[in-house]
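This report refers to the structure that appears directly beneath it.
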Amino acid sequence: MRRVAGVAVLVVLLVAAGFAARASWHSRYPATYNVMQFGGAEYGGAPSSRGALADVARLSGPRTGIPDVRYTLTAQHARVRLASGKDVDALTFDGRVPGPELRAHTGDLVEVVLRNKDVENGVTIHWHGIDVPNAEDGVAGVTQNAVPVGGRYVYRFRIDQTGTFWYHTHQDSQSGVERGLYGVFVIEPRRAPTAPELDLPVVVHTLNGIRLLNADDEQRLRTVAPGTRVRLRLVNSNDNPESLVLRGTPFEVLAVDGTDLNGPTPVAQRLLSVPAGGRYDLGFTMPAHPVRLDLFAAHAALVLSPDGRRAPAEPFPQWRDFDPFGYGAPAPTPFGESSRPDRSFVLRIQKKLGFHGGRFGYHWALNGRSYPRMPMFVVSRGDLVKVTIVNDSPSIHPMHLHGHHMLVLSRNGVANRGSPWWADTLQVDPGTRYEVAFRADNPGLWMDHCHNLAHATAGLSMHLMYAGVFTPYVIGGAAHNAPE
């Protein structure tokens with residue numbers, strides 16, 4: 001009996017080992033694959049529809065016409081000198097970190113020529129938060145091939161937005177962005193400001209372990225005349241939310257993710273926790289004394305001073321977080337909580353025990369699926385789409401939908417009664433449930449992923465697909481495409 005029992009146990013173990021080996025094998029990424037090959041199509045309760053076949057490469061901006069704004073950006077290795085005098089090896093656009101500040105006006109035709117001098121893994125440019133045509137989105141293996149050393153790529157698109165945006169590589173993005181391939185893109189309205197104004201982007205970044213505000217790793221002093229209207233454009237290019245405080249004046253939060261808020265009211269003594277990939281625009285009138293912006297756990301600070309005097313450093317305060325939910329005044333929107341959507345989806349973020357990339361453990365999952373077999377939401381042009389995002393994991397996830405802005409309808413069952421809040425990078429905290437909606441008005445194949453790029457690299461990434469659209473590009477392959 002003991003021998004029979006031992007044989008039975010051995011058989012069970014061998015069968016289990018066989019199942020495990022098979023699961024491990026099937027969880028590996030193919031050497032080359034099309035992202036549409038594995039996506040599990042979900043239709044949001046609406047019938048499947050197929051539009052006219054469209055290659056993402058043809059969903060481009062204007063190919064002709066003289067651009068109103070033209071830039072050339074060169075991706076290259078460089079040794080960057082910080083404000084403290086420290087030298088850091090980096091990947092850069094034009095030898096700078098951040099890359100050159102790009103500016104344009106609403107209605108401009110923009111042309112950007114990307115050149116790759118010596119970035120071995122290749123490079124692209126993704127226009128984070130700018131709803132460009134799909135072929136201009138800059139995602140390696142989805143909307144283009146990565147630009148190799150010695151190569152070039154031309155992006156052309158017409159702008160119909162205003163606000164604070166940023167650009168970064170979407171080839172090997174976890175490493176590329178961290179090492180310096182990013183910059184700010186400001187889109188201004190056609191009208192000129194009615195008062196003297198300081199318009200200053202401030203990017204939070206960690207380069208080689210050094211915490212930065214722009215290229216400053218210590219205090220930066222800037223003289224500003226009292227009465228000047230100031231706009232600080234805060235951009236978080238890191239993987240996690242970043243905490244900042246502004247001392248010395250009340251301020252208004254003018255915009256979130258490049259969209260102006262309605263009826264912003266003065267706030268003071270609030271911690272500004274900017275989501276990964278997100279942006280907050282702050283506005284105030286310069287007082288007759290210094291104003292100081294501090295970054296948590298860093299020596300980096302920005303001091304605006306009317307007379308050149310510095311503001312002394314103080315301990316980082318334990319203030320309450322600013323919350324855009326419910327802030328400002330209501331305003332009409334093209335759709336809302338009571339609108340009937342054409343398609344409704346649930347996006348559930350989880351950690352799942354199993355195999356991923358051939359390895360066993362707890363791995364990221366969306367709707368119970370691990371990468372690359374993630375859900376793919378299928379929509380048709382013109383659809384009103386509602387998505388319920390649920391975070392059942394223990395981590396924060398800044399979910400970034402390319403090519404669209406989401407209107408936040410509710411959080412944890414409570415409707416937003418403040419200013420309309422349009423987000424392209426929505427931070428979803430553990431245990432939190434958001435309802436968002438957007439109009440499917442930008443055909444293509446769009447990434448929808450966590451902008452903690454380490455999470456995205458580990459598989460927390462999916463796609464929104466318009467019916468009839470396809471991509472000829474592949475992950476891996478001769479172009480060595482690796483968007484994350």
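The values are calculated or read from the model by the stated rules, or taken from the named source; none is laboratory data. Since this is a predicted model, take the numbers as computed values, not measurements. Backbone-built Cβ (ideal geometry, glycine too); neighbour counts: all protein chains shown.
Does V97 satisfy the criteria of being more than 20 Å from A57 (Cβ to Cβ), modelled with pLDDT of 95 or more and of a type outside the set (D, E, K, R)?
Working: more than 20 Å from A57 (Cβ to Cβ): yes; modelled with pLDDT of 95 or more: yes; of a type outside the set (D, E, K, R): yes.
Spelling it out, V97 is indeed more than 20 Å from A57 (Cβ to Cβ), modelled with pLDDT of 95 or more and of a type outside the set (D, E, K, R).
For first residues located in region 451-469 and over 19 Å from Q37 (Cα atoms), partners that are in a loop (DSSP other than H, G, I, E, B) and of a type in the set (G, A, S) and lie 6+ apart or on another chain with Cβ distances below 7 Å form the pairs H451/A276; H451/G277; N452/A276. Screening region 366-475 for strands (runs of 3 or more DSSP E) wholly inside it with 1 or more residues that are basic (K, R) returns the ranges 384-391, 406-411, 433-439. Looking only at residues of region 263-284 that are of a type in the set (S, T, N, Q) and part of a loop (DSSP other than H, G, I, E, B), we find that the one that is surrounded by the most Cβ atoms within 10 Å (Cβ to Cβ) is T265.
Based on what the data block shows, is A329 hydrophobic (A, V, I, L, M, F, W, C) and either in a strand (DSSP E or B) or under 21 Å from A415 (Cβ atoms) (or both)? Don't jump to the end; show me each part of the working.
Numbers: hydrophobic (A, V, I, L, M, F, W, C): yes; either in a strand (DSSP E or B) or under 21 Å from A415 (Cβ atoms) (or both): yes.
Yes: the conditions hold for A329.
A quick yes/no check of all residues on (1) out of contact with any strand residue (DSSP E or B) (no Cβ under 7 Å at 6 or more places or on another chain); (2) of a type outside the set (S, T, N, Q); (3) crowded, with 21+ Cβ neighbours inside 10 Å:
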site	(1), (2), (3)
R373	no, yes, no
G382	yes, yes, no
V387	no, yes, yes
D392	no, yes, no
S395	yes, no, no
H400	no, yes, yes
M406	no, yes, yes
A423	no, yes, yes
L426	no, yes, yes
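For region 298-326, how many residues meet the condition of being within 31 Å of the chain's Cα centre (by Cα), outside any strand (DSSP E or B) and either more than 15 Å from Q219 (Cβ to Cβ) or without any contact (Cβ under 8 Å) to a residue 24 or more places away in the chain (or both)? Summing the residues that are within 31 Å of the chain's Cα centre (by Cα), outside any strand (DSSP E or B) and either more than 15 Å from Q219 (Cβ to Cβ) or without any contact (Cβ under 8 Å) to a residue 24 or more places away in the chain (or both) in region 298-326 gives 9. Based on what the data block shows, is A288 assigned to a loop (DSSP other than H, G, I, E, B), assigned by TED's automatic domain parsing to the domain that holds V267 and surrounded by 14 or more Cβ atoms within 10 Å (Cβ to Cβ)? So A288 fails the test. Criterion applied to F377, F360, F355 was being more than 20 Å from D323 (Cβ to Cβ), in contact with a helix residue (DSSP H, G or I) (Cβ under 6 Å, 6 or more places away or on another chain) and either of a type outside the set (S, T, N, Q) or touching a residue at least 12 places away in the same chain (Cβ under 8 Å) (or both), and the one residue passing it is F355.
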